[in-house]
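Beneath this line is the structure, given in structure tokens, with notes to follow.
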Amino acid sequence: WRVLIKSSSPTQAAASDEYTIRVGFGDSTSATAPIDGAYFEFTSADAEWQIKTVSNTSNVSTADSGVTVVEDTWYKLNITVNAAADSIGFSINGTPVTNSPLTTTANIPRTVNRQTGIFAQCIKGAGSTEAQMAVDYCILVTNFSSSR
């Protein structure tokens, strides 16, 4: 994903201006967090991108990326899932996130009925200032480890 965040206050300092941005793999089609997924998230609770994996709502891994979100800045967000689906690596602008890969397999949606798809959300929670996200492109590449 190549994502641009535009807002009057990307750090959302005022409690009255809150929004959530999520991009990655997920099963959410509403304003709620995915039940299953692997994604980047930015909320009013933290000024940095968060990396997350979740399986069946109750199993969640979250880590700070170390990258502060800045208004009017493009971010190249990358998620790499290994062939066994037991490790998920995250990178921002080509630099691996220090706290990834996330390898808690119980928190990675990898069993029957834990499907995800590509998704991007910009959800306004409170306030009247603008909250915008532009997605320049999204690409999904599958490299199979054996011929099909």
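The values are calculated or read from the model by the stated rules, or taken from the named source; none is laboratory data. Predicted, not measured: the structure shown is a model, and the values here were computed from it. Reconstructed Cβ throughout: ideal geometry from the backbone, glycine too, with neighbour counts over all protein chains shown. Accessible surface areas use protein heavy atoms only, side chains included; no ligands, DNA or RNA. Shrake-Rupley method; radii C 1.70, N 1.55, O 1.52, S 1.80 Å.
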Original post:
Hey, can you rank 48-56, 134-142 by average C-beta count inside 10 Å, highest first?
Top reply: 48-56, 134-142
**OP:** Would you mind checking which residues have amide H under 5 Å from Ser87's amide H? H placed 1.01 Å from N; only 5 or more apart, or other chain.
**Re:** Asn82
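Would you mind telling me the share, in percent, of accessible area of segment 49-148 contributed by carbon and sulfur at probe 1.4 angstrom? Present the calculation step by step, with values, prior to reporting the outcome.
Details: 2860 of 5950 Å².
Of all accessible area on segment 49-148, carbon and sulfur atoms account for 48 percent.
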Original post:
Stretched out fully, how many nm does the piece from Asp27 to Ala134 gain, at 0.36 nm a residue minus the Cα gap?
Top reply: 36.5 nm
Original post:
Label Ala45 and Ser58 with points 7 Å out from Cα along Cα→Cβ: what is the distance between them in nm?
Top reply: 1.9 nm
